[in-house]
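Accompanying notes for the structure given below.
The values are calculated or read from the model by the stated rules, or taken from the named source; none is laboratory data. In this text the structure is predicted, and so the values were computed from the model without any measurement. Using ideal geometry, Cβ is built from the backbone for each residue, glycine included, and neighbour counts are taken over all protein chains shown. Please note that ligands, DNA and RNA were not included when accessible areas were found on the heavy atoms of the full protein model with its side chains. Shrake-Rupley method; radii C 1.70, N 1.55, O 1.52, S 1.80 Å.
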Amino acid sequence: LGPDSTPEIVGAHWQQRLGYVCPENQDKWWRADDAASAARRANEIVVSLRDYGLPALEELPDVASLLGLWSSGTCPGLTGVQAARYAGRLRGAVFQP
């Protein structure tokens, strides 16, 4: 992606929605009907990102961690085939002499 590109979720190599890393472990949508509820929801989102989203990302601090996740056969938002394909490509790119 270039500096002016907008990434799309379908191109992400790790696809985990915020609600699934929160204790409820389910998708979540925040509804705001007015400015006051929008401010409350914004605060809830910030807290969820801080307390759950960022720690989830910190579990994949480097290429080796991402490779391990893909190699495990379990990768949020990806099929087993996609994860295996990404792992193979990464192994080839990282371990080329």
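General remarks:
- Scanning the stretch 17-27 for residues that are without any contact (Cβ under 8 Å) to a residue 40 or more places away in the chain, of a type outside the set (A, V, I, L, M) and assigned to a helix (DSSP H, G or I) returns a single hit, G19.
- Failed item in (1) surrounded by 12 or more Cβ atoms within 10 Å (Cβ to Cβ); (2) of a type outside the set (S, T, N, Q); (3) at pLDDT 85 or above, with E58 passing the rest: (1)
- Flag if L90 is open to solvent by 50 Å² or more (accessible area, probe 1.4 Å) and without any contact (Cβ under 8 Å) to a residue 40 or more places away in the chain: no
- All of W30, W14 fail the test of being surrounded by 11 or more Cβ atoms within 10 Å (Cβ to Cβ), in a loop (DSSP other than H, G, I, E, B) and modelled with pLDDT under 90, apart from W14.
- Unique match (being open to solvent by less than 90 Å² (accessible area, probe 1.4 Å) and modelled with pLDDT under 95) among V81, V47, V21: V21
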